[in-house]
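Take a look at the structure below.
The numbers here are math on the coordinates, done by the rules we state, and not lab data. Here the structure is a predicted model, which is why all the values come from computation and not from measurement. Methodologically, a virtual Cβ is constructed for each residue, glycine included, from the backbone with ideal geometry; neighbour enumeration extends over all protein chains shown.
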Amino acid sequence: MGLCGNLFSPLEMPKYDPQKARLGAKIFTDVRFSSKGRSCESCHNFYLNDSGASVRDGRVPTLINSYYFDRYLGDYNFAGFEARIAASVFGTNELDASEDKILELIRKNLAYKQAFESAYGEANTANFIDALKEFLKSKTAINSKFDRFLRGEVKLNDAEYNGYVLFVRLCSACHNGVSLGTGSFTKIRPSAEEEDVPRHRLTSDGFELRRVPSLRNITQTAPYVNGQTDLRLAVRQIAKDLLKYDLSDGELDALMSFLATLKGEMTEAQDER
């Protein structure tokens, strides 16, 4: 398995119901549930850049592999995955949907009514949330080179392995586990352009409390910290700001080689709409 393999685990495809996932995919792109005329896809885009994140807003996290996340944004009060989905559906800053609106559409729209009855036996809000959960479970990118390395199926090349060794030394205290992140929180200095940081996320010394993001598929999920669109610059910035460490060009090259091994595969079946 290699150096410190006990820090990381290969990502496995979670079991999900394809029929329910296809229903969730339709909900995910439907603007009619939102009072603001937006859909989940308006912020979490899978089909333009295959990132599951926003092409504009670095605060919008990727939803790829989100079933495995332990922490969501900077908040501590979500009981689990379904609770976080429900918060996005009903939250006034997100979809701002209402239960009445959801029930009206999924019970009166013939296509939705039939789809819910076929998949669940009943069209209700709990099943609406569950369909979104099944869809997001299907958006898991598996079988990255790093996964295959952890399973002993392949070796990393010299550049990738050097980056791995450096990553373990510098980054693994926060970026570990199956997701290489999202199990803890850290403090980030907001950029000058960020004036709308919620007060409950600010620490007494002016930093913003943010969850540690997953690094899986990181090469696909720009923008990064503080809106940075260049991954090399983002990695250099994080090392300097959080670790007080100035990466050499060679070290940065090695880290970039390792991070590229974290890109997983999305199958055609998972992309079915």
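With R₀ set to 25 Å, the beta-carbon distance separating D246 from N157 gives a calculated FRET efficiency near 0.50.
In straight-distance terms, cross-link reach from K101 covers every one of the lysines whose alpha-carbon lies under 28 Å from its own, apart from those fewer than eight places away in the same chain; here that gives K20, K26, K36, K113, K133, K137, K139.
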